[in-house]
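A quick write-up on the structure given underneath.
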Amino acid sequence: MNAIPFDTLKMARKLEAAGFPGAQAAGTAEAMAEAMSGSELATKADLVGIKTDMAGIKADLVAVKEDVVAVKHELTREIELVRTDLTREIELVRTDLTREIELVRTDLTREIARETGLVRTDLTREMVASETRLTAAIAGVSSGLELLRRDMTIRLGAMAIASTGVMLAAMRFMLTHQ
């Protein structure tokens, strides 16, 4: 920034013409010149440079914003894929367990009938007890899968938040080092 040239004689004459005594007009003009010579005033060129710098920063911010939006969309897509995969896996486990239970029931029925000669009602009671145990086991597996799904959703959410934080930190870093 540059100091502005200042004509003290011209100002002193104008002050005298306005009614200031000569010594006071000269002293005022000198004081004004001294005050202005030490100050740095912005020129039009300085303002144009700042405006250009701000346009560059704005372009950088737009690019960072686009990156944040892209990361957000990618994380949303990834979360949806994990959710879909977990749902499919839970359904496959449920189907496999149901099929296994049916096979075990059939095998147990034949084996118990052959080994013990139990009557149908005794066999039915045994099957009900086995089915209850298996249902409890299935519930435990389903509960575990549900906890796994919840934990994965939380972790993916944390990743989204962390990546947004990194992007914001990068934006701040860029702004302070421009």
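Readers should treat all values here as calculations from the given coordinates under stated rules, not as data from a laboratory. None of these values were measured; they are calculated from a predicted model.
Length available on full extension from residue 134 to residue 95: 0.36 nm per residue minus the Cα-Cα distance, which gives 12.7 nm. For the stretch 14-77, the alpha carbon convex hull comes to 124 Å³ per residue, rounded to a whole number. Normalised by residue count, the stretch 63-148 yields a Cα convex hull volume of 72 Å³ per residue. Rg/Rh, computed from the Cα trace of the chain with Rh as the Kirkwood radius, has the value 1.65. A straight Cα-to-Cα reach below 30 Å connects residue 72 with the lysines 58, residues fewer than 8 places away in its own chain not being considered.
Between residue 174 and residue 147, the contour length at 0.36 nm per residue exceeds the alpha carbon distance by 5.7 nm.
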